[in-house]
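The values are calculated or read from the model by the stated rules, or taken from the named source; none is laboratory data. In this text, all values refer to a predicted model and were calculated from it rather than measured experimentally. Glycine gets a Cβ as well: all are built from the backbone with ideal geometry, and neighbour counts include every protein chain shown. The accessibility values were calculated without ligands, DNA or RNA, using every heavy atom of the protein model including side chains. Shrake-Rupley method; radii C 1.70, N 1.55, O 1.52, S 1.80 Å.
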Amino acid sequence: MRKSLCFTSWALLCFCCCITQAEIFTSIGQMTDLIHTEKELVQSLREYIKAEESKLAEVKSWAKKLDALTRVSTSDPEGYLAHPVNAYKLMKRLNTEWSELESLVLQNPSDGFISNMSIHRQYFPDEEDETGAAKALMRLQDTYQLDSEAFSRGKLPGMHPNAILTVDDCYDMGKTAYNDADYYHAVLWMQQSLKQLDAGEEAVVSKADILDYLSYSVYQMGDLPRAIELTRRLVAIDANHQRAGGNLRYFERLLFKQMNTLNQEQQPASEEPIQLGTYSRPKDHLPEREIYEALCRGEGLQMNEARQSRLFCRYQDGKQNPRLLLKPVKEEDEWDSPHIVRYLNVLSDEEIEKIKELAKPRLARATVRDPKTGVLTTANYRVSKSAWLEEEDDPVIFRVNQRIQDITGLAVDTAELLQVANYGVGGQYEPHYDFSRRPFDRQLKVDGNRLATFLNYMSDVEAGGATVFPDFGAAIRPRKGTAVFWYNLFKSGEGDYRTRHAACPVLVGSKWVSNKWIHERGQEFRRPCGLTEVD
């Protein structure tokens, strides 16, 4: 039966089975704690405001009472003091009551709030986190081809637009890109900031500041006519701007020289807003960037009808494994060659929550091994947080490892620990191989290379977050409780370079996965060697 008929056929398969039978430059998981922290701080802030209002009300009461007294006393001071009670009360007020008022005014109701802030501040994101979040939005903008206006209005796929970016937010985004010499994104976000400001939106940043960054970024993108037009607008606003005049003369000389060299007449610059696609996005280190991002958007998929006809679904009992005989796992083909399968209902909701609970306190920025030095380091192409869990941590980890062994028929004694990863805002892992290319590190020399990958999806993802294979055009969507499995090596032990894959950036939602990398040692009689290099 073909994969397209899988779900309509499960009932029949279940019936047949019954006849034979007698769970943060980062991680949504950790950021949820910040939401609760912020709520606590808001409550603390309200208590501070209430205390300040109470203090102010008491001071106002004092002022009202004293104002009435001084109006009477100053109208006839001697007559007022002629009464002994008034003389006594004046002494009392100045000696005691004004001191009490002084103490009241000197009271600081903010002490509790400041103390609470100090306790929580150590867990706040720092400048690097803020910059990382801005770059994550730009990464999403590129991958899913979202223009800055759609982003600033919160118009994301499947989401109600209830989160917006202000003029100042867009300006800060552009400045982050500018400071990173990323003039392509600096142009897009400074232009959006300018557009919203021209539309009448209030802002702290001035139009001159936006034009200053925008004009120079446009110049860096090689568009001299538009750079001149923008700089002239800046000079018109602020004739004494310290850079604008000099930049304008420099840009005009450059353009005049270019036109003379090319023997062309100068064309007026376009005054149309700069849109996505106005300038070409700079090339980067990734050769398959366009293919990879197209797959992330659901474009360029190579699953035609002929190939789909070779995909099946079945019950998998692990070659009559005792633990799977009465409850075999549902297996679906995702791809024919290389063979990739998906297993359904591998993890229960309870197991998933327990794994996440164990992993959360240990989540740290995921690392990669530098191919030149062999040293583990963080990298911009892998943006997630991960934790490693051992069987001794909880019985659920033992059960999951045993289940992986039962389903795949491969020994997990030499496998790596269960790795849990959480992808937050724009979290991704660009195209990479799971197997190691020589030279091997010490662990691989003992346990062999990474033979296979067993990847558990522990959450659904509203948009983005697919696992894609650029070499053959496959995209596998996360489905909570399922797992996908493939071999990284041929039976000969050579790496299967077709398995280069990537985790697409998460556009909307939080992506939780756990994976088991199964190594070569211990599989000698479970997966015999092939006779040719590509067996």
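Pairing each residue of the stretch 271-288 that is of a type outside the set (D, E, K, R) with any residue that is at pLDDT below 90, provided the two are 6+ apart or on different chains, yields C-beta distances under 6 Å for L276/D147.
From the list K39, K55, K60, which one is under 30 Å from S118 (Cβ atoms), modelled with pLDDT of 80 or more and open to solvent by 90 Å² or more (accessible area, probe 1.4 Å)? Of the residues listed, the single one that is under 30 Å from S118 (Cβ atoms), modelled with pLDDT of 80 or more and open to solvent by 90 Å² or more (accessible area, probe 1.4 Å) is K39. Checked across the stretch 270-278, the condition of being under 29 Å from E430 (Cα atoms), under 35 Å from the mean Cα position of the chain (by Cα), modelled with pLDDT of 90 or more and open to solvent by less than 50 Å² (accessible area, probe 1.4 Å) holds for no residue. Within the stretch 400-420, the set of residues being under 28 Å from the mean Cα position of the chain (by Cα) and either open to solvent by less than 10 Å² (accessible area, probe 1.4 Å) or of a type in the set (S, T, N, Q) (or both) comprises V400, L418, Q419, V420. Criterion first (open to solvent by 90 Å² or more (accessible area, probe 1.4 Å), at pLDDT below 90, of a type outside the set (A, V, I, L, M, F, W, C) and in a loop (DSSP other than H, G, I, E, B)) does Q242 satisfy it? Here the answer is yes, as Q242 does meet what is asked.
Against the test of being under 23 Å from H36 (Cα atoms), surrounded by fewer than 11 Cβ atoms within 10 Å (Cβ to Cβ) and not hydrophobic (A, V, I, L, M, F, W, C), the options E127, E78 yield a single qualifying residue, E127. Quick check: anything in the stretch 193-206 in a helix (DSSP H, G or I), closer than 19 Å to R243 by Cβ and in contact with a helix residue (DSSP H, G or I) (Cβ under 7 Å, 6 or more places away or on another chain)? Within the stretch 193-206 (the criterion being in a helix (DSSP H, G or I), closer than 19 Å to R243 by Cβ and in contact with a helix residue (DSSP H, G or I) (Cβ under 7 Å, 6 or more places away or on another chain)), the answer is yes, since at least one residue qualifies. The single residue among D168, D198, D180 that is under 20 Å from L137 (Cα atoms), open to solvent by 20 Å² or more (accessible area, probe 1.4 Å) and either more than 19 Å from the chain's Cα centre (by Cα) or of a type in the set (S, T, N, Q) (or both) turns out to be D168.
Residues that are closer than 30 Å to Y184 by Cβ number at least 3 in the following helices (runs of 4 or more DSSP H) confined to the stretch 100-154: 127-143, 148-152.
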